[in-house]
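Single-structure report; data block below.
The values are calculated or read from the model by the stated rules, or taken from the named source; none is laboratory data. In this text the structure is predicted, and so the values were computed from the model without any measurement. As a convention, Cβ positions derive from the backbone with ideal geometry for all residues, glycine included, and neighbour counts pool all protein chains shown. Just the protein is used for accessible areas: all its heavy atoms, side chains included, with ligands, DNA and RNA removed. Shrake-Rupley method; radii C 1.70, N 1.55, O 1.52, S 1.80 Å.
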Amino acid sequence: MTRFVLAILVAATIALPSNAAEVYQASAAFVAEAFDGRRPAAKAIWVTGDLQVRVESVLGHAYGGLRVRYWALGDRSAWILDEIGKVEPITLGVVVAQGHIEAIKVLTYRESRGSEIRFPFFMDQYRGAGVDSETRLDRNIDGISGATLSVRAATRLARLALVLDQEVGQTNAATQSKAP
Amino acid sequence: MQRLNLKLRRSLAAIHHFLGQAAAAIVVILASTGIAMNHEDDIDYLKGSVRWEPLLDWYGVAPKGDLIQFTSDGHSGASLERGIYLDGRYLTATESPLVGVVRFQRFLALAARDRLWLVDPAPSLTAEPVRILDQLDSASLPVPLTRLGRSRNEELVVGTGSGDYKTDADLLNWEPAGSVAVTWSTASPASEELRKAVLREFRGDGLPRKRVLADLHSGRIIGGRGPWLIDAFAVILLLLAVTGLVSAGLGRGRRNRS
């Protein structure tokens, strides 16, 4: 009888929603994977001036920092970004190649519900996506019932990565044009 | 028969009095909370929050675990549950406690097991909130971190299970620290004033008054068994009604006969 009760209690604990973060992939591993194991040196871009305005228009609020770090090789860049879903931050890894999303993955999910966004059936919608001149995604993303806020957060981060990648590309082009 | 009726009436009256007294306090609570709930959208007072600490303690709005504090350059960095607090004000969320706080250039660096934040603490005289300038996660740190320090050359140094690492001035790259002399950040006891400030921040806005009202009305305020107790008093009220009606009916019958 005691074992039966214990088993029920254990099962009930497992069934209860957990507030612990679910880590699906470490950030370091995501970046390494993005560059086939040859992780480039980290760089940083300052979120100031015009970029700050564009970032805030994408997120709908001020960015939580003055700079964003990224990893880049050639025309590919990788970004690790956080955004609040309902109350907790969701950490996404995004790889942008030639101005379009090549890979996007939920790295850490901290909300009590809505983690279905991590599955390929949802995330694959972003592959190949770009942004227009008004920083909107160039496609519609189908939501998931019960995960609306997480879906919106993921979309904001996808747009943010594309905008930041554009900025990095413009900065690099400007630097190269000034080079003797 | 008349004697039987009289006895019955007296018994019912006694039961009625007893139950009435027992239920009086609950009736007052139920009636007053019920009226308030009927008009809660019109009562401005109910749109606020309760921050009375004994009540928040009762509701379990209390942190689990200890407050861990580090000080540097006149500033206090503390972690409590899943929050980081700078000078007693909430800064950001964390999944692990702080392992150190040190001054870095003119900023403060705060480190947990797998995150490091660079903040501009800003002068306390301004109203501007503390600004997080940068944050590093496992992709940018040699995690897991066990301690944070600063070398004599003003380099930021982190301790990990596999050795100590120092970073460049841009916080972009890390390399083994070698035998550089490091002053490590160490935890210190927090003052009572800081503890209270952090607890206030942790508790945030407190409990909505509507929530407390609803819990009073339903009995949930005393825990899981509360609604059952309210149900039991509802049964008592039913018995009150029944005994009162029966007693009144018997009394009317007696008057009619006489």
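So the values come out like this:
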quantity	calculated
Chain A: calculated mean residue ellipticity at 222 nm from DSSP helix runs of at least 4, using -39500 (n - 2.57)	-12000 deg cm²/dmol
Computed over chain B: relative contact order in percent, which uses C-alpha pairs under 8 Å that are six or more apart	21 percent
Burial of 40 Å² or greater, the stretch A:69-87 residues [accessible area, probe 1.4 Å, versus chain by itself]	A:Arg69
Inter-chain Cβ neighbour average for residues B:138-145, partner chain, 10 Å	5
Probe 1.4 Å, accessible area per residue of the protein assembly as shown, Å²	56 Å²
Rounded tilt (10° steps) of A:49-59 against the dominant C-alpha axis of chain A	30 degrees
Those residues of the stretch B:53-93 for which accessible area with every protein chain present is at least 10 Å² below the isolated value (1.4 Å probe)	B:Arg82, B:Ala93
Positions from the stretch B:157-192 whose accessible area shrinks by 10 Å² or more when the full protein complex is built, not the chain alone, probe 1.4 Å	B:Asp170, B:Leu172, B:Asn173
Where A meets B: accessible area buried, both sides, 1.4 Å probe, Å²	1600 Å²
Carbon/sulfur fraction of accessible area - the protein assembly as shown, other protein chains in place, 1.4 Å, %	56 percent
Residue-by-residue Karplus 3J(HN,Hα) for the stretch A:152-169, coefficients 6.51, -1.76, 1.60, Hz, glycine and proline x	5, 4, 4, 5, 4, 5, 4, 5, 4, 4, 5, 5, 5, 5, 4, 5, 4, x
In order through the stretch B:224-229: 3J(HN,Hα) via Karplus (6.51 cos²θ - 1.76 cosθ + 1.60), integer Hz, x for Gly, Pro	x, 7, x, x, 5, 5
